[in-house]
Amino acid sequence: MPNDLLLPTGIKSLDEILGGGLPVAGNVMLYGEPLCGKKPLVMQFIYEGLQMNIPGIFVLTDYGFAEWKTMMEGSGWSLAEYEKNGLLQVIDCYSKQFNPALVDEGIVAYVGGSSDLSAISMQLSGLQEQIAQIADNHRLGFHSISSLLETNQPEAVFRFMQFITGKFRRMGTTAMYVVEKGMHEEKHVKMIEHLMDGVVEFQEDKLHVRGLIGASPSWHKYDVTDAGVKVKV
């Protein structure tokens, strides 16, 4: 029987170990060392949603929109259709540090840097109000919370996350947030984890899910391919 409290991610192998999908309006942290596959997974999550006509917002802190779009299209995930129909919106918190003259254009809203938590919050609120006019739920990918922790006081990041995760639940947002393992004090990681509904943790060539009811507690091997992440069930 399908679980009405879960939304399929569209990533078949991930849905299998999740017990069907992610919680409706759930917040999930992707936690692992750099280059382990977190970035492809969160990009895949947004793209699969777009293919199911679920609007998506992607927050970029570690690279700009042009680079992100190139990476997406390198995996066969063309964005042209979703740029035109308004299902995709992007907040670029990276590029304006190098080109202050950039102005919002098309689907891209620019923020001066990952240290400007207030501007990021305002952009998210504005985009979500737009999306609420066309859909009951949407997806958000945030790459990465680690950049926020590196450029702000951890307590300020926690307050920011506490505000947006609560608002996202009310807005019907299913969100994935990337946190880099090994970069932060454990207590600061736990502060963020405290706000999550679940965690997908990566370790070498395997991953497992913590905190989500119905998800497999076992470690599963996975591959990162040109077409995204495939979990070996």
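What follows draws every value from the coordinates through simple rules; no lab data is involved. None of these values were measured; they are calculated from a predicted model. Heads up, the Cβs are rebuilt from the backbone with ideal geometry, glycines too, and the neighbour counts pull from every protein chain shown.
With springs only between Cα atoms under 10 Å, which of 212, 60, 35 fluctuates most in a Gaussian network model of the chain?
Result for the chain, Cα springs under 10 Å: 35 fluctuates most.
Extending each Cα 7 Å along its Cβ direction at residue 221 and residue 125, get the distance between those two points in nm, one decimal.
Taking the simple label geometry, residue 221 and residue 125 are separated by 4.9 nm.
To the nearest Å, what is the center-to-center distance of segment 13-31 and segment 158-187, using C-alpha atoms only?
15
Counting only helical runs of four or more DSSP H residues, what would the 222 nm mean residue ellipticity of the chain come to if each run contributes -39,500 (n - 2.57) and the total is spread over all its residues?
-11000 deg cm²/dmol
Once the other residues with Cβ under 12 Å from the Cβ of residue 163 are scored (Lys, Arg +1; Asp, Glu -1), what is the net sum?
So the surrounding residues net to +4.
Identify which of 205, 15, 92 has the largest mean-square fluctuation in a Gaussian network model of the chain, with springs joining Cα atoms closer than 10 Å.
The residue with the greatest mean-square fluctuation here is 205.
Hey, fewest Cβ within 10 Å first, where do 29, 183, 52, 191 land in order?
52, 183, 191, 29
Classify the chain as rounded, prolate or oblate from the Cα gyration tensor: take a ≥ b ≥ c as the square roots of its eigenvalues, call it rounded if a/c is under 1.5, otherwise prolate when a/b beats b/c and oblate if not.
rounded
Note the full-extension length gain between residue 105 and residue 133 as 0.36 nm times their separation in residues minus their Cα-Cα distance, in nm to one decimal.
Result: 8.0 nm gained on full extension.
Which lysines have a Cα less than 22 Å from the Cα of residue 221, not counting those fewer than 8 places away in the same chain?
Output for residue 221: 12, 38, 39, 181, 206, 230, 232.
For residue 116 and residue 97, compute 0.36 nm times the residue count separating them, minus their Cα-Cα distance, and round to one decimal in nm.
Additional length available on full extension: 5.7 nm.
Provide the gained length on full extension for the span residue 181 to residue 84, in nm with one decimal, where the gain is 0.36 nm per separating residue minus the Cα-Cα distance.
This chain segment gains 31.3 nm when fully extended.
Which loop GluC sites (Glu not before Pro) in segment 147-217, with loop taken from DSSP, have no more than 11 other Cβ atoms within 10 angstrom of their Cβ?
Counting only loop positions with at most 11 other Cβ atoms within 10 Å, the GluC sites (Glu not before Pro) in segment 147-217 are 185, 204.
Report the residue, chosen from 46, 213, 131, that carries the largest GNM mean-square fluctuation when the chain is represented by alpha-carbon nodes joined by springs under 10 Å.
213
Where the centroid of each part is defined by its Cα atoms, how far is segment 189-214 from segment 75-139 in Å?
Cα centres, segment 189-214 to segment 75-139: 26 Å.
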